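Chemist: Next up is a structure, given as structure tokens.
The values are calculated or read from the model by the stated rules, or taken from the named source; none is laboratory data. None of the values given here were measured: they were computed from a predicted structure. Glycine also receives a Cβ, built like all others from the backbone with ideal geometry; neighbour counts cover every protein chain displayed.
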Amino acid sequence: MKIIAQDPAQTSQRVRVGMIGLAAVLLLIGLAAAIFSTASKERPLSVVGGARPDVVANMAAGNSALPNGAATSEPLAELGVAPSTATEDNAAGASGKRK
């Protein structure tokens with residue numbers, strides 16, 4: 001097997017191309033990191049009519065107690081997402097409060 005001697009100019013060109021490629025990749029990674037870090041530091045936008053996280057958290061925390069201490073099989077009504085179908089207790093309680 002013969003060993004072919006490489007031209008020194010070709011070797012230096014390969015090294016230069018490799019170093020330029022490595023520098024380009026590092027530059028792109030640094031640029032992407034800078035963009036993502038500034039995006040994560042931005043304050044969230046408050047949209048008119050949009051959901052507010054503090055209000056949603058308080059709604060979920062406030063609905064943990066069941067009325068009259070009775071357990072129901074309506075998890076959506078317990079969370080306050082859907083109205084309860086138990087109208088007997090609600091009607092009696094509402095008429096008693098109005099007097």
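Chemist: Working carefully through the options 61, 57, find the one that is of a type in the set (A, V, I, L, M, F, W, C) and modelled with pLDDT of 70 or more.
Modeler: On the way: 61 fails: modelled with pLDDT of 70 or more.
None of the other options fit; the residue is 57.
Chemist: Under 6 Å between Cβ atoms, which residue pairs at least 6 apart in sequence (or on different chains) link something in the stretch 28-55 that is farther than 21 Å from residue 81 by Cα and part of a helix (DSSP H, G or I) with a partner that is at pLDDT 75 or above and not aromatic (Phe, Trp, Tyr)?
Modeler: Nothing qualifies.
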